[in-house]
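Notes to accompany the following structure.
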Amino acid sequence: MERLKVKIYRIDSSTDDVSLPGYATEGSAGMDVRAAVPTDVVIEPGTSKVIPAGFIIELPHGYEAQIRPRSGLAAKHSIGILNAPGTIDSDYRGEVKIILMNFSDHPFTVRRGERIAQMVVAPVTRVEWNVVDAVNDTGRGAGGFGHTGSE
């Protein structure tokens, strides 16, 4: 498996107790990202909060990091990421922050050091458009949202 060296910087020493992103298992595609909130943050039903992660990354040119929801938070608490997947571009140098959304009917408390998201680092393909007079037809054609039915 390819390993990519990525620079990471803690915002300040006040986040030393919050683990940096890391893989839970050898087969994990995403790294767990933890909340670097100074105190508990309550997200009321139907609202969102921006949660700091306590670090800045320096991705190599040609890579991005995607911030994705954690399935456990979604299944057990109806907590998701509002702009999922969030994208961190290689030229962004601000603190990584997660927009958590409470889709449930109950308040949800984010605690310091809690796993709140996953981060996947991946190569980016740069597109060059080739303007043409027509594109090839397929069996699907222009069929869109739900056109194949529910089975």
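Some observations on this one:
- For region 53-102, the tally of residues that are surrounded by fewer than 15 Cβ atoms within 10 Å (Cβ to Cβ) and in a strand (DSSP E or B) stands at 2.
- Residue match in region 37-48 (condition: modelled with pLDDT of 95 or more, not in a loop (DSSP other than H, G, I, E, B) and not aliphatic (A, V, I, L, M)): yes
- Annotation for region 128-141: no member residue is crowded, with 17+ Cβ neighbours inside 10 Å and farther than 22 Å from residue 19 by Cα.
- In region 120-136, of all residues being touching a residue at least 60 places away in the same chain (Cβ under 8 Å) and in a strand (DSSP E or B), the one that is farthest from residue 91 (Cα to Cα) corresponds to 120.
- Residue check for residue 32: at pLDDT 95 or above, acidic (Asp, Glu) and within 18 Å of residue 71 (Cβ to Cβ): yes
- Of the residues making up region 5-16, those that are surrounded by fewer than 11 Cβ atoms within 10 Å (Cβ to Cβ) and either in a strand (DSSP E or B) or touching a residue at least 60 places away in the same chain (Cβ under 8 Å) (or both) number 1.
The values are calculated or read from the model by the stated rules, or taken from the named source; none is laboratory data. Bear in mind the structure is a predicted one, so any value in this text is a computation, not a measurement. Here Cβ is always computed from backbone atoms with ideal geometry, including for glycine, and neighbour counts include all displayed protein chains.
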